[in-house]
Structures are given as C-alpha cells and as structure tokens.
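Structure, as structure tokens:
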Amino acid sequence: MKVRTRSSAIIGTISLVACLALTTASADEPTVQRQAAKVTLKSVATAKNPSAGAAGPGGTVWIAERAGTVRVLGDQGLGAPVLDISKETTTDGERGLLGVAFDNEFAHFYISFTNLEGASTVDEFAVRHGKIRPNTRRTVLTQPQPYANHNGGDIKFGPDGYLYIALGDGGSGGDPHGNGQNLGTLLGKLLRIDPGGGEPYAIPPDNPFVDDPNAKDEIWSYGLRNPWRFSFDSGTGDLLIGDVGQSAWEEIDWAPANSKGGENYGWSQMEGNHPFRDGTEPANHVPPVHEYDRTGLGCSVTGGYVYRGKAIPDLKGQYVFSDYCDGTVRALQIENGKVTGVHDLGVNGGEVISFVQGGKGELYVLDIGGSVSRIDRA
C-alpha cells in the first residue's frame, strides 16, 4: 500500500514533460516515435478504497477493497461482496488486502493480504461455476514483515502457469536489514512458486537459485524495494515491474519472456540507475528500462500493463502506468527492451493505486479514493 500525500510530492516544478522522444533504438532498424493515443477515463463504479483487481471467469472483472472485501464489476457497477476477510486484516500502515489473482484456468482464486500480525499471506480458494468455494480455503505462503510498510503484495500468474508474488524489502526506510540484496530472505524479491504442485506449494525446478544452498528456492528476481505492481505482457510474455523508490527515483524494470530469472535490480545498493547513499553498483545489476525523478509531482510509481485491447488501436503495445501522487496516466513505447517514447495520455486518475486488465485486454484505473474507471478511446 502507498499512503504518501499528494501535497508532500510537490517539489520544484509542478509537471512532467508530456511526451519525450528518446533516442535509444534498435541497431538494425530505426524507431518510429508514435503520437500519444487520445484517451478518456470513463467512470464505471465506485468502490471503498479499491486496491487491486483481476480478470475473472466469464469476462468479469473482480475488484479488491483494501479493508478486505472483493466485489465483481457488472453493468450496474459493483455487486455485493463475494468474499469478506475484513476481520482478518488491518489497514494501518500500508497493510490490508493488497492483491488478487485467478490461475490461468479460473479454477482457483488467490488473495494476498497482511494478517492481523502483519505477515504477508497468500491464500487459495477453489472456484466452481465462477463462484468461490469458501470451504476450500487454504494458506499457500506466509512471510513475517518487520514493519508496516513496503509489503508489496501483488500476485500474478505468469504465462508459464506459475504464481509470482511480489514482496517489498520489509519496510522502515533505506532497507535497514539489507534484505534487497540478501538471497537468504524472501523480502525484497519477486517469487515464483507452483501452488498446485505440492503442499503448501512446490518449487519450479528451473527457478534460478534452486541449486544455491545460501538462497531461497522461491526467488525469481531480487534487489527490489517495494514492487507494488507488476504484470506480464499478454502479447509477448515480457515482465514489467513498477518498483517504488526511496526518496529520489521511481523505476520500471523489464525482463524478456525468455528470461531464466535471477535478475538483480539493484536495491538497496542502487535506486534506479543511481547509487543509493554510499552504495556500490552490483556487477550483475539490471538497470531499469525507465526511471523518473521527484522534481515533479510524482513520488510513488504505480505499475500497469501493456495495452492489448482493441478499443484504442493507437495505444496497442504500449505500457500504461501512473504515479500515486501525480495521477497522470502515461504510456511507454518499448522496442527490444528499450524505451523509445514516453507519452502523457492527458488524463488523470487521481491517487492511482492500481490498474486492472480485463479479459479482453481493456484497462481499468483504480483510485484509492474510490473511483473505478475504464480507459476508453477519446
């Protein structure tokens, strides 16, 4: 969860550049700089502090509310809660119901939340005929958290059918326990597990650290501060992570679909492309595909999705993201793992806490204040 105020983010200039053309391009062919797609935000529902969402069975969109409820979005807005764990979580600090996901067959539903002790928890429910079966609930993974912030909490199934879990560095500030670079803890990592392969889960045999006795087998990549939102490009399988910065730089990390894992994104030796405090850049540091500083209103990146819907052809293939404090919806044009354009889409989603990708690829913007909006063609 991200609880910085908008006013605290006003430092120096009050806006970011609307559309930047970057010169990085493939050595084999020139890159064409696109014009920004023309979009609008259409309000489709009002929730109580929406925090996350997922495409559900039958073309539905499921919305999580931070206090612990899950509701399904329909033509008339959000229905009654289909799940309520409000007595099992709290909303102090950056805690609460932080992530939801279905497996690729919509046979199981997963929730990511902090329990009453503050531990990050992932639970599973069986799904039948599009409905949760409460009596099938089981806990898949728990991870104690030393502080109330930097929980991460996003969960997604990858194209490979495995469950990926994002965990922050444990909180406080500046990674006081050095978790980001410590392979002996799950904190500050992106995990990859097989919840259906064992009890409570199995380790995929090709995870990058399974043969390292000093590393946790669940780790897919590391060096993350607070990977609040991540996603897979439904068209290519590429992975993109929005990792919230400490005090100066927000970053978006990228890994190709054929990655074997093991990426070190640098925290807490690095913040973006820059040494953090007296940090030394690790030899295996994978720099962000995009970063921005705090000289404008932005202060906490909210990762989104590569747009693969049909309603906005000019946006196809671009990575849509925002910032919790700034609220401007932006898009990255990425070619061969390099950003070749940054576009201001000309709409503001408020305190953007998350994006949701519907089953047909259309994108929704969640404002922690309550608004649920769909990105439409203007």
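A crude spin-label estimate for the pair Ala126 and Asp92, with each label 7 Å from Cα along the Cβ direction, gives 3.7 nm. Highest-first packing order for the peptide set 336-345, 318-327, 195-204 is 318-327, 336-345, 195-204, based on the mean count of other beta carbon atoms within 10 Å. Each Cα pair under 8 Å and six or more residues apart adds its sequence gap; the mean of these over the residue count of segment 163-306 is a relative contact order of 22 percent. The slack in the chain from Asp84 to Thr295, taken as 0.36 nm per residue of separation less the alpha-carbon distance, amounts to 71.9 nm. The mean accessible area for residues of the chain, using a 1.4 Å probe and ignoring ligands and nucleic acids, is 40 Å² per residue. Listed by chain and number, the lysines whose alpha-carbon sits under 20 Å from that of Lys48, ignoring those within fewer than 8 places in the same chain, are Lys2, Lys87. Between Asn135 and Lys360, the modelled labels are 3.7 nm apart [label points 7 Å from Cα along Cα→Cβ]. Here is the link list: Lys38/Lys360; Lys42/Lys316; Lys189/Lys310; Lys131/Lys310. Which ones come out longer than 23 Å on Cα distance? From Lys38/Lys360; Lys42/Lys316; Lys189/Lys310; Lys131/Lys310, over 23 Å: Lys189/Lys310; Lys131/Lys310.
Here the relative contact order of the chain, from alpha carbon pairs under 8 Å that lie six or more residues apart, stands at 19 percent.
Taking label positions 7 Å along the Cα-Cβ direction at both Asn258 and Glu335, the computed distance is 2.0 nm, reported to one decimal.
When nucleic acids and ligands are ignored and a 1.4 Å probe is applied, Asp217 ends up with an accessible area of around 60 Å².
These residues, Arg377, Arg34, Arg277, Arg229, go from largest to smallest accessible area, 1.4 Å probe, as Arg277, Arg377, Arg34, Arg229. The residues packed around Asp376, meaning those with a beta-carbon under 9 Å from its beta-carbon, carry a net charge of +2 if Lys and Arg are +1 and Asp and Glu are -1. What part of the accessible area of the chain, given as a whole %, is carbon or sulfur when the probe is 1.4 angstrom? Here carbon and sulfur together make up 49 percent of the probe-accessible area. When you restrict to C-alpha pairs under 8 Å that are six or more residues apart and normalise by the size of segment 148-214, the relative contact order lands at 26 percent. Amide H contacts for Thr340 (H built 1.01 Å from N in the peptide plane; partners 5 or more residues away or on another chain; cut-off under 5 Å): Gln333, Ile334, Glu335.
The values are calculated or read from the model by the stated rules, or taken from the named source; none is laboratory data. Being a predicted model, the structure only gives us computed values, none of them experimental. Quick reminder, even Gly has a Cβ in these numbers, built from the backbone with ideal geometry, and neighbours come from all protein chains shown. Surface areas here come from the heavy atoms of the whole protein model, side chains and all, with no ligands, DNA or RNA. Shrake-Rupley method; radii C 1.70, N 1.55, O 1.52, S 1.80 Å.
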